[in-house]
Amino acid sequence: MSVWAIVPIKPLNRAKSRLAVVLTPEQRERLALGMLLHNLHILGQVSSISGVLVISRDMKALAAARALPGVQTLQESGTPELNAALRRASTMLVSWGAKAVLILPADIPLLAREDVEQLITLGRYDNSLVIAPDAQRDGTNAILSRPAQLIDYSFGVGSYARHIQAGELAGAEVHTYVSERLALDVDTPEDLRAYEDLGHHLGLLTINYRDATQPLLPYGPNSNTPGTSSLLTP
């Protein structure tokens, strides 16, 4: 089956700038790192994921990712451009034998194992494209492509419709996967409130991005990354 996940993440020190009105730079960095580690923790629980590739220009994010089992990293350089970086990463994974790729941006804080498993199930046949839109059905919060280079990625404003169109033009079977958890990405203060409210409603433990003296995540393997030590196992 050979499904690889690609997780892109922006430099941590520039992460979530629209949250500057409610969070300090250190809190924004902790939130971004916590979301990355949460998603890597979830991906590591899915047996049908062959491996995970984290791509970034940020050495701290890459070091934190490499500390986890089954995670590979790719350092980007030059002018950052997400879709070009995803194309390069997909090409590399195909050379490693990947038959399908799941692209999952790092800022999806309520991702659950069920979401990943459903995406893979919907995309289990050749020539399939599975898209998980954001809450507004404008952007793309996850996409699974089988084969790995079925379409050119077009993340950004309006990407959900563009990805559907690209899949149809490629003759693919296009599926939409709707999940309240997966539809929530965190960019604005309103998103942050929605994350805390929905996490509480679902009975989930959330990222401790406010207090640097406490573990960043309430679960997962121990990490030597500053601010992430002494993570607790469920």
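A short reminder: the numbers here are calculations on the coordinates, not readings from a lab. The structure displayed is predicted, hence computed values, not measured ones. FYI the Cβ positions are ideal-geometry reconstructions off the backbone, even for glycines, and counts take in every protein chain you see.
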Query raised in the report: When the stretch 180-194 is examined, which residues are found to be charged (D, E, K, R) and either in contact with a His (Cβ under 6 Å, 6 or more places away or on another chain) or assigned to a loop (DSSP other than H, G, I, E, B) (or both)?
Result: E180, R181, D185, D187
**Report entry** Meets criteria (surrounded by 14 or more Cβ atoms within 10 Å (Cβ to Cβ) and polar (S, T, N, Q)) for T73
**Finding:** yes
Report summary line: Of the conditions (1) in contact with a Leu (Cβ under 9 Å, 6 or more places away or on another chain); (2) in contact (Cβ under 8 Å) with a residue 60 or more places away in the chain, the single one that S90 does not satisfy is (1)
Query raised in the report: Looking only at the stretch 195-214, which residues are out of contact with any helix residue (DSSP H, G or I) (no Cβ under 7 Å at 6 or more places or on another chain) and either assigned to a loop (DSSP other than H, G, I, E, B) or more than 29 Å from S145 (Cα to Cα) (or both)?
Result: E196, D197, H200, H201, L202, G203, L204, L205, N208, D211, T213, Q214
Query - Options L37, L68; residue that is part of a helix (DSSP H, G or I) and buried (at least 16 other Cβ atoms within 10 Å of the Cβ) - result: L37
Query raised in the report: Of all residues in the stretch 42-59, which are under 11 Å from the mean Cα position of the chain (by Cα) and closer than 21 Å to L204 by Cβ?
Result: I42, L43
Query - Matching entry among L144, L53, L102, L86 (being surrounded by fewer than 23 Cβ atoms within 10 Å (Cβ to Cβ), part of a strand (DSSP E or B), of a type outside the set (S, T, N, Q) and at negative phi) - result: L53
